[in-house]
Amino acid sequence: ALGLEPERLVTVYQIHSPDVIVVEQPWPAEGAPRADAMVSARPGIALGVLAADCAPVLLADPVARVVGAAHAGWRGAHGGVVENTVAAMERLGARRKDMVGAIGPCIAQESYEVSDDFLAPFLRQDAANARFFAAGRRAGKKQFDLPGYIAHRLGLLGLGAVGTSGRDTQAEPDDFFSYRRATLLGEPDYGRLLSAIALEG
């Protein structure tokens, strides 16, 4: 779909971190570095991230011709993976006002039940983060808006535009893999969704 040979796709060994790798050339899959985001100014290399409820975040500065891809679960998003990805793109010549970001399919607030104590690190970060938690359907629970939280973090960076897919991986089994859905159903494993971005040659 991207018009590239399979060996031009690079992914990382994802660890729910804020770590970003600069990609100069493809590496073999078995030698993938441990990180959760990549940036590149090299045409013809597809940066790919895997997710199954976490949010894939794709970024591009079409003026400077710099792209980025981040895997943003709650840990990575809270820890700064999108901020670090934008900063790494800036070091390659990108400018925030020229950047656009897309948050791909991930678990939506309606499906993302968390315990009350899950809120604490988010409220320590910023009391206004309470807006991303709705009342839960069960006692001691809340519903977390992961894509809304990530979009807010990207918005604070001053990007030119940020969009979200509006799709819910957990609630749409015909279209998406979901870790949470598989766990709730007692399934032994689950698939991964690939989101990728590349600069044309």
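The values are calculated or read from the model by the stated rules, or taken from the named source; none is laboratory data. Computed from a predicted structure; not experimentally measured. Every residue, glycine as well, gets a Cβ built from its backbone with ideal geometry; the counts of neighbours run over all protein chains shown. Quick note on the areas: whole protein, heavy atoms, side chains included, nothing else; ligands and nucleic acids left out. Shrake-Rupley method; radii C 1.70, N 1.55, O 1.52, S 1.80 Å.
Mean separation of Cα pairs under 8 Å and 6 or more residues apart, divided by the residue count, gives the stretch 84-149 a relative contact order of 34 percent. Counting protein heavy atoms only, the stretch 60-114 has 52 percent of its accessible area on carbon and sulfur, 1.4 angstrom probe. Dividing the summed -39500 (n - 2.57) terms of all DSSP H runs of n ≥ 4 by the residue count of the chain sets its mean residue ellipticity at 222 nm at -5500 deg cm²/dmol.
Our summary gives the chain a relative contact order of 24 percent, counting only alpha carbon pairs under 8 angstrom and 6 or more residues apart.
At the listed q of 0.15, 0.19, 0.22, 0.28 Å⁻¹, the Debye profile of the stretch 69-129, built from one uniform point per Cα, gives log10 I(q)/I(0) equal to -0.61, -0.89, -1.05, -1.25. Note on the chain: Cα Rg divided by 2.2 N^0.38 Å, N the number of residues, gives 1.02.
Quote the charge dipole size of the stretch 62-201 about the Cα centre in Debye, to the nearest 20; the model charges only the Cβ of Lys and Arg (+1) and of Asp and Glu (-1).
Dipole about the Cα centre, nearest 20: 440 debye.
Extension gain, Leu194 to Ser115, is 25.6 nm, computed as 0.36 nm per intervening residue step minus the present C-alpha separation.
Each residue, Glu172 and Arg65, gets one label point 7 Å from its Cα in the Cβ direction; the gap between the two is 3.3 nm.
Where Lys and Arg each count +1 and Asp and Glu each count -1, what net charge lies around Pro147 among other residues with Cβ under 12 Å from its Cβ?
Here the count lands on -2.
Counting charges near Leu119 (Lys, Arg +1; Asp, Glu -1) among other residues having Cβ under 14 Å from its Cβ returns a value of -1. Taking His71, His16, His78 and ordering them by how much accessible surface each has at a 1.4 Å probe, largest first, produces His16, His78, His71. Extent along the principal axes, Cα only, for the stretch 124-179: 35, 31, 15 Å, with the longest axis given first. The stretch 54-159: D in µm²/s via Stokes-Einstein (Kirkwood Rh, Cα pairs, 20 °C, 1.002 mPa s)? Answer from the Stokes-Einstein relation: 149 µm²/s.
Extension gain, Gln125-Ile15: 0.36 nm per intervening residue step, less the Cα-Cα distance, totals 37.4 nm. Probing with 1.4 Å while keeping every protein chain in the model, the per residue accessible area of the stretch 1-123 equals 43 Å².
The calculated Kirkwood hydrodynamic radius for the stretch 1-116 is 14.5 Å, given to one decimal from all distinct C-alpha pairs.
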